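Undergrad: If you scroll down you'll find the structure; I have some questions about it.
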Amino acid sequence: MEFLKRNYGWMIVAILAILPLFILSNTFKIDTTNGFLLLLVENAGKEGLSTLEMLYHITGEFAIRWMTAVLTCTPFFILFGVTNLFVRQAMGIATAVWSLLHFIIFIWAEGFLETFTQVNYVAGFIAVLILIPLLFTSNRKWMKKLKATWKKLQRWAYATIVLSLLHVAILEKTWLFYAIIIGIGLIIRIPFIKEKFIALRTKKVSIS
């Protein structure tokens with residue numbers, strides 16, 4: 001019971017991150033007639049999307065959703081004084097996993113060299129490259145090992161979201177909603193605005 005009290009936050013994140021994978025499992029089938037082949041199920045897409053388009057959409061959408069969630073953690077703390085580092089780390093891991101899955105599906109369907117044929121593909125590829133070291137250092141062991149450098153490394157997440165928004169914007173997908181949320185979060189982080197919010201929050205706590 002004590003374990004659940006201490007870890008329920010990241011466990012909820014893990015469940016929410018894993019659940020959509022069950023949707024993706026319905027888009028694949030295994031063919032063992034000539035060895036072991038992983039094939040796409042035809043016409044598994046919805047709303048006029050092909051199976052492959054749906055895979056791109058779902059994996060990309062969840063990648064940027066988790067990315068946005070991670071970058072709203074600090075503004076959330078500034079406004080409400082509530083945060084959990086390990087929940088944030090779990091969100092970061094979910095971001096990296098969904099982004100990698102999105103990229104793997106792309107190179108599986110299109111080939112790795114296709115990555116360098118369009119600006120939006122290159123932006124997405126660089127974002128994935130940045131996420132890889134962030135993924136492997138999102139744990140307590142690396143926090144202790146890197147110390148102050150760990151925070152500096154994690155700040156590369158900002159470059160990742162910029163590249164991801166560029167990737168999505170060029171594809172003309174829904175990007176403005178995420179850009180607005182992240183933009184508001186960045187405004188809240190501005191030192192004098194941050195100090196005003198913290199002072200206001202502290203004042204309310206002292207009055208209550």
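The values are calculated or read from the model by the stated rules, or taken from the named source; none is laboratory data. Since we're looking at a predicted model, the values are computed, not measured. FYI the Cβ positions are ideal-geometry reconstructions off the backbone, even for glycines, and counts take in every protein chain you see. Quick note on the areas: whole protein, heavy atoms, side chains included, nothing else; ligands and nucleic acids left out. Shrake-Rupley method; radii C 1.70, N 1.55, O 1.52, S 1.80 Å.
Undergrad: So, with +1 on the Cβ of K and R and -1 on the Cβ of D and E, and no other charges, what is the size of the charge dipole of the chain about its Cα centre, to the nearest 20 debye? Write down the numbers at each step before the final one.
TA: On the way: 21 positive and 10 negative charges, 360 e Å.
With Lys and Arg at +1 and Asp and Glu at -1, about 1720 debye.
Undergrad: Rounded if a/c is under 1.5, else prolate if a/b is larger than b/c, else oblate: which is region 119-202, with a ≥ b ≥ c the root eigenvalues of its Cα gyration tensor?
TA: Details: a/c = 3.16, a/b = 1.11, b/c = 2.84.
Verdict is oblate for region 119-202.
Undergrad: Looking at 109, 55, 166, which one has the Cα that reaches farthest to the positive end of the dipole of the chain (charges on Cβ: Lys, Arg +1; Asp, Glu -1)?
TA: Positive-end residue among those listed: 166.
Undergrad: OK, next. Per-residue accessible area for residue 50 at 1.4 Å probe radius, Å² rounded to 10?
TA: 50 Å²
Undergrad: Also: Could you give the length gained on full extension between residue 158 and residue 11, defined as 0.36 nm per residue of separation minus the Cα-Cα distance, in nm? Before the final figure, lay out the partial values.
TA: On the way: separation 147, 0.36 × 147 = 52.92 nm, distance 2.50 nm.
Result for the pair: 50.4 nm of gain on full extension.
Undergrad: Rule-of-thumb check for the chain: C-alpha Rg over 2.2 N^0.38 Å? List each step's numbers first, then the result.
TA: Values: Rg = 19.6 Å, N = 208, 2.2 N^0.38 = 16.7 Å.
Output field value: 1.17.
Undergrad: First select every other residue whose beta carbon is under 12 angstrom from the beta carbon of residue 89; then total the charges, Lys and Arg +1, Asp and Glu -1. Please report the intermediate quantities before stating the final value.
TA: Details: positive: 88, 140, 141; negative: none.
The answer is +3.
Undergrad: In the structure displayed, which of 29/145; 147/196; 29/144 lie more than 31 Å apart, Cα to Cα? Could the numbers behind the result be given before it?
TA: On the way: 29/145 43 Å; 147/196 29 Å; 29/144 43 Å.
Pairs exceeding the cut-off: 29/145; 29/144.
Undergrad: Lys/Arg Cβ at +1, Asp/Glu Cβ at -1, dipole of the chain taken about the Cα centre: which of 20, 123, 76 is farthest positive-ward?
TA: 76
Undergrad: Determine the share of the chain's accessible area contributed by carbon and sulfur atoms, expressed in whole percent, with a 1.4 angstrom probe. Could the numbers behind the result be given before it?
TA: Numbers: 9290 of 13410 Å².
With neighbouring chains kept in place, the figure for the chain is 69 percent.
Undergrad: On average, how much accessible surface per residue is there in the chain, in Å², for a 1.4 Å probe, leaving out ligands, DNA and RNA?
TA: Working: 13410 Å² over 208 residues.
Heavy-atom SASA per residue in the chain reads 64 Å².
Undergrad: Follow-up question, since we're still on this one. Out of every Cα pair in region 83-134, what percent are spaced more than 19 Å from each other?
TA: Numbers: 424 of 1326 pairs.
That fraction is 32 percent.
Undergrad: Next up: Excluding residue 76 itself, calculate the net charge of residues whose Cβ lies under 14 Å from the Cβ of residue 76, where each Lys or Arg counts +1 and each Asp or Glu counts -1. Could the numbers behind the result be given before it?
TA: Working: positive: 88, 189, 194, 201; negative: none.
Residues near residue 76 contribute +4 overall.
Undergrad: Now for a separate question. Please compute the volume of the convex hull spanned by the alpha-carbon atoms of region 6-92 and report it per residue in Å³. Walk me through the intermediate numbers first.
TA: On the way: hull volume 10.4 nm³, N = 87.
Per-residue hull volume (Cα only) is 119 Å³.
Undergrad: According to a simple spin-label model (label point 7 Å from Cα along Cα-to-Cβ), what is the distance in nm between residue 114 and residue 174?
TA: 2.5 nm
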